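To start, the structure under review is shown below, and the notes come after it.
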Amino acid sequence: MVADLKTDVLVIGAGPAGSMTAKWAAKNGAKVLLIEKRQEIGSPVRCGEGMSKEWLGEVGIKPGKWINVEVEGARIFSPREQVFEINEKHAGNEVGYVVERDGFDKQLAIDAANEGVEVVLKTAAVEVLKEKGKVVGAKVKQFGEKFDVRAAVTIGADGFESQVGRWAGLPTNLALRDMDTCLQYRMTNVDCDTRYCDFYLGKVAPGGYVWVFPKDDGLANVGIGVQVSQVKTTAEARKYLDAWIDKHPGYAKGKKIDMVGGGVSISAPMKQTVTDGFMLVGDAARMIDPLTGGGIANGCIAGKICGEVAAKAAQTGDSSAAFLQAYEKGWRARLEEKLYRNWLAKEKLCTISDETFDKIVDALQGVRLQKLSVHNILKAVHEKYPEVTKEFEAFL
Ligand code: FAD
């Protein structure tokens, strides 16, 4: 029989958002327990492994062995495969790395442990504990035994399929149109350009895109995300990806050595991410960028803010929803405007024809953007095809 535990801050889930939250709570003086249901942090990998790099310093992550390839930029391919290249000159700091995601997640957990966080594996939260409506910890299961962990602040960092948020009483349910289903092959012997992360838009991936993220030794992550409401079954995503590969000889000759699937949210930001004694962070809080499907950076950025507020709440003894608003306000100030703008852009992009995609990429030929943003892209398109941007006027 395992004895019940007590801690200042309990973080549920040791993905990037959870480890970052735990680290920053400990750095600010809290006693932190980070629980992870899997036996190995970061494994199995369910990720394209692409990320920008400009945010790493902000959250105290040092570049490390987890970087597999540093790319010069990204290439957007229109349906007729005209290319818009986004390099550092055009895009400032929006380009970055293709990483070893398992190594990255492990490093963040190591960083958290080095700040004093207690990391406990193979331990799953199975319900949240509540007293008079306030979350006061979680019941956890470890090797078949259940025990309570009581905490001043409990944090749900349990990823896209989050149950913890629902148990705490936050409205985390997603409509089908707010979800992409993703499938990815690790491929070898493909002709990809290791200088770029590539994105293919249009009907090749309804409501999403095909990606090719290069890795070293002739490997690449070749994947697809499609809007769940636009495909009848998730098996259809595979058909789209296979069809794309078959049409591209440089990939059709390659060999698939690994396959992963998973979901990402493409919704507008959640309205509420805190309640009494509880905060939600990362994919669990739908912080994925709805345009790109990338969630590592946002989860880490929000995680830092979450950890800092959690530590303060534990120190002051006030973990009421009112006190935790500091987190709600903090992450929204940093991330919400871009999330919302990209959600609006995604909503539009899901409805436009291949012909319009072709015009957008065509209009961007030779354009030098100071910074990569939906706003700047639309301004450039507006100059050549004003009729295309008519329906996007709100952004302009
Ligand atoms: P997660 O990384 O999902 O971590 C949650 C953790 O909680 C997991 O370790 C899980 O085991 C644990 N957990 C769950 N329930 C419990 C419980 N009850 N008790 C204890 N532990 C629990 N993003 C990018 O930025 N770039 C990409 O290239 C990219 N590609 C992607 C490709 C695919 C196919 C998919 C599906 C997603 C991709 N994403 C990408 C999104 C990215 O993986 C997520 O945004 C990121 O992992 C979010 O981190 P997180 O910490 O919030 O959640």
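Side notes on the structure shown:
- When each of 338/359; 23/62; 62/106; 122/312; 338/379 is checked by Cα-Cα distance, pairs over 19 Å: 338/359; 122/312
- Stokes-Einstein diffusion for the range 109-187, with the hydrodynamic radius set to the Kirkwood value over Cα pairs and evaluated at 25 °C in a medium of 0.890 mPa s, equals 163 µm²/s.
- Global form of the chain, assessed from the alpha-carbon gyration tensor, a/c cut-off 1.5: prolate
- Hull volume per residue, based on the alpha-carbon atoms of the range 240-288 and their convex hull, is 106 Å³.
- Qualifying chymotrypsin sites (Phe, Trp or Tyr not before Pro) in the range 210-311, DSSP loop, other Cβ atoms within 10 Å at most 15: none
- Fewest-first sequence of 341, 286 by Cβ atoms within 10 Å of each Cβ: 341, 286
- Degrees between helix 16-27 axis and first principal axis of the chain (Cα, 0 to 90, nearest 10): 40
- Angle between the chain longest axis and helix 321-331 axis [Cα atoms, degrees, rounded to 10]: 30
- The local environment of residue 141, defined by Cβ-Cβ distances under 15 Å, has a net charge of -1 under the rule Lys, Arg +1 and Asp, Glu -1.
- By the count of neighbouring beta-carbon atoms within 10 Å, fewest first, 316, 7, 123 end up ordered 316, 7, 123.
- Between 0 and 90°, nearest 10: helix 101-114 axis offset from the chain longest Cα axis: 30
- Potential lengthening of the chain between residue 259 and residue 6 amounts to 87.1 nm, from the contour at 0.36 nm per residue minus the alpha-carbon distance.
- Counting every other Cβ atom within 10 Å of each residue's Cβ, 291, 174 order from fewest to most as 174, 291.
- 17 Å reach of a label modelled at residue 236, 7 Å along Cα-to-Cβ, counting backbone N of the range 167-184: 175-183
- Ranked by how many other beta carbons lie within 10 Å on average, peptides 13-19, 359-365, 254-260 from highest: 13-19, 359-365, 254-260
Only the coordinates and a few stated rules stand behind these numbers; no lab work does. Everything numeric here is computed off the predicted structure, so don't read it as measured data. Note that each Cβ is placed from the backbone with ideal geometry, even for glycine, and that neighbours are counted across all protein chains shown.
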